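The values are calculated or read from the model by the stated rules, or taken from the named source; none is laboratory data. Only a predicted model underlies this, so the values are computations on that prediction, with no experimental measurement involved. Cβ: placed from backbone, ideal geometry, glycine included. Neighbour counts: every protein chain shown.
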Amino acid sequence: MSATAVRGDAETLARGAATNLLGNLGSLSQALAMFVIARAFGAQVLGLYALAWMLVRIIARLVGLGLDPAIVYHLNRVTADDEQDREGQLVGTSSLLVVIASVISGVILWLGMDLVAYGIFDEPRLVIAYRAFVFALPAMGLTGVLLAATRARKVMKYQVIAMSFVQPFSFLMGSLVAWRIDGGLAALAIAQTAAVWITTGVSVLFYGTIFRIGPLIRGFFRPTEVAGLLRYGLPLAGKGMLALAVTRTDLFLVGHFLGAAAAGIYSLAADVAQLIRMARMALEPILGPLVAEQHHRADRDRLSATYGRATRWALIVNLALSGVVAIAGETILSLYGKTFTAGAFALAILLLGQVIAGAFGLSEMMLTMIGHPTLVFGNMALLLGLIGVLDYAFIQLWGLAGAAIGTASATILVTLVQVRQVRKRTGMHPWRFAILRPAVAFICAVTPALFVPLPTMHTAVDQIIRSVAFLLLYVVFLSRFGLETEDRHYVGTAIHRFRARRNR
């Protein structure tokens, strides 16, 4: 393992994560579109749009057949074998599969839209939206396939541009047009469908900058390796559906046992705790192709270094975010109303689970990209079952705190199971002395921030001061002893580049 290769992997990981983080922030334009809809059309139209689009997005997960990660895995395999034409053929075959799945799903939705609109939601106006959204399904599937191919080459910017800027901005413009012509829900649905197809067109252009289009067309009309793609992708599609259930099982149980008000409080606490996933969401898309490439090239030293580095970086960020949110949790929740401060203790417990899962949960991507998608599906099923059992028991004992304890415990347990599975199959693990350094820096920073007495003042002011103090102390302790040599190098490089751009 050469020093140049290791440095290149680290730079690719850092650059890709930064790009993905920018994409997460850029997607706020979707929130702006929701604001426009709410102001221009009112809460009722917004609610109808949200209900219709939610169902279509769930169907789109099935339409994707789990082929996005399958493409990343298989393209790195054929790249390692230097079979460039097969790359395009695999993408073409995947495109055919998602088109077939989207047509079948669209026909089912078209035939069943009356049942959904009248029987489930008792809202006939949803039929208008579903008629438009049916035509978005093929575009959603194709976009996922094409952008997965660009990610397989470790190019993150196209995914970010397409999904975080082009699609939300196109929908925002379409929403303004719909408002101008007073088109109502039908015009909004058409605007969303048009935005999806515009994104697909842009994705085709991006794909063409990296790959040749000819092999893709041949793969579409003469499919290859269908069984291999589906064998890899379908367990991940199932895992995606289970993940939807995982995110709402604890909320459902809270609502069942404690009532709607408690469910609202817990839902907000859980959403705030999800902020800790920011680092994992930024790292996973670039970690996938790196792991797949190093796995197929049997470069164990680089793979182990990448795994450890990504885990360490995620932990550093997670600890910073969790400290701020935990200290100022009550103040953050109070922004939504005093009632929601009752979820502060539950929030602190949920944060613990998210810190562990947000860093060591990268083992899930390791399992996926070393060829064990069935294990990933099984782990998600295990997580769903554990949350159901533990929350069912603990909510009746400890209320909101019990729900948080059950969910956090299940999350940590399954994360540790995944780490064990990776070690058993590769001999690699993320446990390194370097991980202790940011943990010690966190303890040294959070202790005085929590326990040093301050003059009596408003609770919100007190918590803000303590949060800022924690963050400053954490940065100081990290810079003193919490970072590895390579971490210091990349931080210094980033600061240098920022200053250079500012001085231009």
(Q) Filter the range 434-451 down to the residues that are closer than 21 Å to F481 by Cβ and without any contact (Cβ under 8 Å) to a residue 12 or more places away in the chain and list them by number. (A) L436, I443, T447
Q: Hey, can you tell me all the residues within the range 50-73 that are farther than 29 Å from L367 by Cβ and surrounded by 24 or more Cβ atoms within 10 Å (Cβ to Cβ)?
A: A52, V56
Q. Among the residues of the range 193-208, which ones are under 16 Å from L75 (Cβ atoms), touching a residue at least 40 places away in the same chain (Cβ under 8 Å) and either of a type in the set (S, T, N, Q) or surrounded by fewer than 18 Cβ atoms within 10 Å (Cβ to Cβ) (or both)?
A. S203
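Residue-by-condition table, conditions (1) under 27 Å from D391 (Cβ atoms); (2) crowded, with 21+ Cβ neighbours inside 10 Å:
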{"residue": "G288", "(1), (2)": "no, yes"}
{"residue": "E293", "(1), (2)": "no, yes"}
{"residue": "H296", "(1), (2)": "no, no"}
{"residue": "I316", "(1), (2)": "no, yes"}
{"residue": "S334", "(1), (2)": "yes, no"}
{"residue": "F340", "(1), (2)": "yes, yes"}
{"residue": "V355", "(1), (2)": "yes, yes"}
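Can you confirm whether the range 243-258 contains a residue that is of a type in the set (A, V, I, L, M, F, W, C), over 21 Å from the mean Cα position of the chain (by Cα), farther than 30 Å from A40 by Cβ and not assigned by TED's automatic domain parsing to the domain that holds G385?
Kept after step one, since they are of a type in the set (A, V, I, L, M, F, W, C), are these residues of the range 243-258: 243-246, 251-254, 257-258.
If we keep only those that are over 21 Å from the mean Cα position of the chain (by Cα) too, we end up with 252-254, 257-258.
Of the ones still in play, those that are also farther than 30 Å from A40 by Cβ are 252-254, 257-258.
Next, only the ones that are not assigned by TED's automatic domain parsing to the domain that holds G385 stay: none.
Within the range 243-258, not a single residue is of a type in the set (A, V, I, L, M, F, W, C), over 21 Å from the mean Cα position of the chain (by Cα), farther than 30 Å from A40 by Cβ and not assigned by TED's automatic domain parsing to the domain that holds G385.
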(Q) Exactly one condition in (1) within 25 Å of the chain's Cα centre (by Cα); (2) surrounded by 21 or more Cβ atoms within 10 Å (Cβ to Cβ) is false for H429; which is it? (A) (2)
Q. Among the residues of the range 171-184, is there at least one that is assigned by TED's automatic domain parsing to the domain that holds I37, of a type in the set (A, V, I, L, M), within 22 Å of the chain's Cα centre (by Cα) and not in a helix (DSSP H, G or I)?
A. no
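Do any helices (runs of 4 or more DSSP H) entirely within the range 265-383 hold 3 or more residues that are over 26 Å from I443 (Cβ atoms) and in contact (Cβ under 8 Å) with a residue 12 or more places away in the chain, and if so, which? Write out each step before concluding.
Working: elements: 278-296, 300-327, 329-334, 344-360, 363-369.
Filter on the range 265-383 gives 278-296, 300-327, 363-369.
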Q.
So the check is Cβ under 8 Å with 6+ separation or different chains; which pairs have a first residue in the range 95-124 that's crowded, with 20+ Cβ neighbours inside 10 Å and a second one that's acidic (D, E)?
A. A117/E123
